[in-house]
């Protein structure tokens, strides 16, 4: 009888360990990309808007300081396909790990969100970045 109880206890411990490991693993995989940063609405001269996710605390503070300020920086970042979970209704987004708030950028990546959307393949695969010169951070969403 003792051997039978010992076997059941081992099986129970193995199942419990497997369940705990699976739970820990799924928690890390299910983290939403926009939970570890701040989303800002950016407006360009034409009135079009897009959203950018910032993860760096210094950048978040700088972006907050730019809301309503008379001087602005150029939001500049590498483009990725899909809205990233924060840039709807556009089918592209800036890579949150590579966004910069720049003083100057090259003209090649200047444009409007609708221009990126209209020729997405060219912007993603040839230009690779978006840096609208007239960008202005208007609000922090979350």
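Bear in mind that the values in this text are calculations on the coordinates, not laboratory data. All values derive from a computational prediction rather than experimental measurement. Don't worry about glycine lacking a Cβ; one is built from the backbone with ideal geometry, like all the others, and counts go over all protein chains shown.
List of remarks:
- Put a dot 7 Å past the Cα of residue 71, heading toward its Cβ, do the same for residue 138, and the two dots end up 2.4 nm apart.
- Contour excess over end-to-end distance, with Cα ends at residue 118 and residue 103 and 0.36 nm allotted per residue: 2.7 nm
- Between residue 61 and residue 41, the distance separating the two model label sites (each 7 Å from Cα on the Cα→Cβ line) works out to 2.6 nm.
- Cα pair distances in the stretch 70-142, grouped into 10 Å bins until the bin that holds the longest one, percent each: 20, 57, 22, 1
- Measuring how big the stretch 46-89 is from its alpha-carbon positions, Rg and Dmax come out at 11.9, 32 Å.
- Taking the stretch 63-142 and dividing mean pair separation by its residue count, relative contact order in percent (alpha carbons under 8 Å, at least six apart): 42
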